[in-house]
Amino acid sequence: MNNLNTIQPVLSAIPAFIGHTEKATDQRTGDLVHKPFKINSLSEYEQYYGGPQHEANLQAIIHETKDPRGRIIRTEVTAEWVGPSSRHLLYYSLQAYFANGGEACYIVSVGDYERLGADLGPGDPTTGTHFFAALKALENEDEPTLIVIPEAQGMGRIEDMRALYDEALAQSQRRGDRFVVMDLYRHDENSQILAEANRFRQYGVGADSLRYGAAYAPNLVSNIPFASPEGRR
């Protein structure tokens with residue numbers, strides 16, 4: 001009888017997700033900020049990084065139908081947007097990733113939830129310092145083969161997004177072992193896909209390292225619920 005070696009399955013792609021998190025704690029508060037950390041499930045993500053940012057502008061509205069005597073005979077609850085959605089998309093991205101069969105991945109937290117437009121370095125309005133620090137830390141990791149930055153599309157200006165993607169692409173070119181998945185810049189809630197694609201090209205995102213990345217659009221539509229506060233009447 002021949003002895004056959006068992007072929008072990010090997011992950012063909014290990015993504016590294018970069019973005020803001022509710023927390024970033026392993027042994028002590030904040031010790032996972034700017035530190036690539038490998039997880040294997042959404043429950044592990046929640047253990048170390050918490051949950052999504054609550055959508056302050058997504059309100060659960062309670063509608064009551066009453067009979068002539070004022071008694072409630074029917075109650076309906078609908079979710080209604082009363083302002084723009086949050087630009088913190090990392091948690092939802094991980095939800096979708098694991099729900100669709102994703103396995104091991106790396107997380108690099110850039111810090112607690114904050115306004116993305118303010119995440120800029122003093123004296124240099126075109127660089128997101130926290131994101132650049134996360135990319136620098138990721139460069140020392142050998143395992144990741146994909147770089148994903150879901151919140152880049154919600155940065156303060158498209159110049160900020162370009163600088164971030166250019167650095168991610170440059171890292172991929174230097175190492176030669178990873179690829180950048182990019183989103184189009186979300187100019188506003190009513191952006192048209194063709195206009196955003198043209199703007200992406202006009203700003204020359206990734207012009208120096210095009211073979212190491214690709215832009216995907218439009219954003220996926222899913223039934224993953226947003227995190228919202230308690231309903232109100």
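The values are calculated or read from the model by the stated rules, or taken from the named source; none is laboratory data. The structure displayed is predicted, hence computed values, not measured ones. Neighbour counts run over all protein chains shown; Cβ positions are idealised from the backbone, glycine included.
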* Please identify the pairs in which a residue from segment 79-105 that is within 15 Å of PHE226 (Cβ to Cβ) has its Cβ atom under 7 Å from the Cβ atom of a residue that is buried (at least 16 other Cβ atoms within 10 Å of the Cβ) and aromatic (Phe, Trp, Tyr), counting only partners at least 6 apart or on another chain. => HIS88/TYR113; LEU90/PHE17; SER93/PHE17; LEU94/PHE17; LEU94/TYR45
* Please name all residue pairs, on different chains or six or more residues apart, with Cβ atoms under 6 Å, provided the first residue is in segment 21-50 and is at positive phi and the second residue is of a type in the set (Asp, Glu) and in a loop (DSSP other than H, G, I, E, B). => GLY50/GLU22
* Name the single residue, out of those in segment 38-59 being modelled with pLDDT of 95 or more and over 20 Å from GLY111 (Cα atoms), that is surrounded by the fewest Cβ atoms within 10 Å (Cβ to Cβ). => ASN40
* Restricting to segment 74-109, what's the tally of residues that are in contact with a Leu (Cβ under 9 Å, 6 or more places away or on another chain), surrounded by fewer than 18 Cβ atoms within 10 Å (Cβ to Cβ) and of a type in the set (Val, Ile, Thr)? -> 1
* Asked: Out of (1) part of a loop (DSSP other than H, G, I, E, B); (2) in contact with a strand residue (DSSP E or B) (Cβ under 6 Å, 6 or more places away or on another chain), the odd one out for LYS38 is which?
  -> (1)
